[in-house]
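The structure under discussion appears below in the form of structure tokens.
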Amino acid sequence: MSRLFDAYVMVDWSAASKPVTGKNSIWIGILAKDARLKLQYQSVNIETRLKARTFLEGIIAKLTGRGDRVLIGFDFSLGYPAGTADALGLKRDGMAPWQAMHAHLASKMKDRADNSNPRYAIAAGMNYAISKGPFPFWGAPARDVVSTLSDKKPDFEGRDLAEYRLAEMHLRESGRAQPKSVWQLAYTGSVGSQSLTGIPHVHALRQALPASRVWPFEFEAGDMTEESLEGVQVVFAEIYPSLVKAKPEKGEIPDAAQVREIARYYSDLDEKGLLKGGISTNNSLDEGKISQIQSEEGWILGA
């Protein structure tokens with residue numbers, strides 16, 4: 001069975017506010033074919049988000065230039081709980097909710113060369129638009145706490161926006177993992193700040209590459225096949241590296257081990273014909289939930 005992809009690029013993102021390498025920084029793992037058409041792995045550690053995007057633009061150009069179809073995974077949420085775009089009052093202009101959210105964040109979040117960013121101020125502003133108070137984003141450090149952004153989790157009971165997306169609830173209920181809510185901006189295991197700072201870069205890459213698609217939003221029912229990938233050179237997807245166990249080699253940073261093993265994981269699935277990307281759980285999802293996932297929330301590839 002032939003593979004859907006020729007190369008696998010996995011990105012462990014960072015929302016750090018200053019240039020940093022090593023632990024809790026940006027690691028990019030590339031599993032691609034060498035001159036003998038054998039898959040070989042290499043990784044890079046990049047100190048800022050702007051440099052990381054420039055690197056990704058370069059590796060994409062190199063791989064697609066030789067005819068490879070590339071899967072690029074980002075370890076942050078690519079969508080928000082259903083209803084977020086409407087709660088923010090975003091103008092859709094024919095866009096799906098996920099597209100409106102990506103465009104909105106891209107217009108607000110501007111990384112600087114020194115890696116500083118206004119993510120807490122942006123979260124506070126979105127909270128004001130949604131609730132006029134400290135909901136739903138939370139987890140600000142003391143210096144960034146304001147009337148519309150708290151360090152403590154708000155009460156989600158009975159609110160219009162859920163704490164978790166369907167993908168996160170599925171993983172938590174299955175016992176496979178305990179992903180955090182996209183609303184949580186800080187503290188151990190949080191992903192909210194990575195999403196706020198990462199989605200604008202995914203948006204920029206998608207806009208610059210007409211032959212790219214964002215999974216699962218731009219695939220019917222999330223299915224990736226040779227037919228649905230016709231003419232597609234790059235697929236961007238959300239990943240969750242903790243789905244696989246990664247044992248660091250001697251002296252290796254855990255983040256570096258994670259991107260290596262998740263790249264090999266998706267490559268192995270592809271080789272076995274199992275990287276089709278369909279959205280499913282142990283319990284079937286009804287059409288309403290599938291629509292919710294496809295239009296706004298997204299899904300974790302392989303979940």
### Task
Kindly indicate which of E296, E220 is farther than 23 Å from K38 by Cβ, charged (D, E, K, R) and buried (at least 17 other Cβ atoms within 10 Å of the Cβ).
E296
### Query
Just one of the numbered conditions (1) surrounded by fewer than 22 Cβ atoms within 10 Å (Cβ to Cβ); (2) under 15 Å from L205 (Cα atoms) is not true of R92; which one?
(2)
### Message
Checking S116 against (1) surrounded by 19 or more Cβ atoms within 10 Å (Cβ to Cβ); (2) farther than 19 Å from I293 by Cβ; (3) in contact (Cβ under 8 Å) with a residue 60 or more places away in the chain: exactly one of these is not met. Which one?
### Response
(1)
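Which of the following residues is β-branched (V, I, T) and crowded, with 21+ Cβ neighbours inside 10 Å: I262, I253?
On the way: I253 fails: crowded, with 21+ Cβ neighbours inside 10 Å.
Testing whether each residue is β-branched (V, I, T) and crowded, with 21+ Cβ neighbours inside 10 Å leaves just I262.
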## Note on the structure
Of the conditions (1) surrounded by fewer than 17 Cβ atoms within 10 Å (Cβ to Cβ); (2) at pLDDT 95 or above; (3) at positive phi, the single one that Y187 does not satisfy is (2)
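Does any residue of the stretch 73-82 turn out to be surrounded by fewer than 20 Cβ atoms within 10 Å (Cβ to Cβ) and under 28 Å from S295 (Cα atoms)?
From the stretch 73-82, those surrounded by fewer than 20 Cβ atoms within 10 Å (Cβ to Cβ) are none; that's our starting set.
No, the conditions are met nowhere in the stretch 73-82.
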### Query
Residue check, E271 against (1) within 17 Å of A32 (Cα to Cα); (2) in contact with a helix residue (DSSP H, G or I) (Cβ under 7 Å, 6 or more places away or on another chain), all met but one. Which one?
(2)
### Task
Select from the stretch 22-44 the residues that are surrounded by fewer than 17 Cβ atoms within 10 Å (Cβ to Cβ) and within 23 Å of G192 (Cβ to Cβ) and list them in ascending order.
G22, K23, N24
### Task
Would you tally the residues in the stretch 156-177 being part of a helix (DSSP H, G or I), in contact (Cβ under 8 Å) with a residue 40 or more places away in the chain and loosely packed, with under 15 Cβ neighbours inside 10 Å?
1
### Query
Is there a residue in the stretch 244-266 that is among the hydroxyl-bearing types (S, T, Y) and modelled with pLDDT of 95 or more?
yes
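Take S174 and tell me if it is farther than 24 Å from S14 by Cα, of a type in the set (G, A, S) and out of contact with any strand residue (DSSP E or B) (no Cβ under 6 Å at 6 or more places or on another chain). Before the answer, list the steps.
Values: farther than 24 Å from S14 by Cα: yes; of a type in the set (G, A, S): yes; out of contact with any strand residue (DSSP E or B) (no Cβ under 6 Å at 6 or more places or on another chain): yes.
Against the criterion (farther than 24 Å from S14 by Cα, of a type in the set (G, A, S) and out of contact with any strand residue (DSSP E or B) (no Cβ under 6 Å at 6 or more places or on another chain)), S174 qualifies.
The values are calculated or read from the model by the stated rules, or taken from the named source; none is laboratory data. It should be emphasised that the depicted structure is a prediction, and the values quoted were computed from it without experimental measurement. Glycine also receives a Cβ, built like all others from the backbone with ideal geometry; neighbour counts cover every protein chain displayed.
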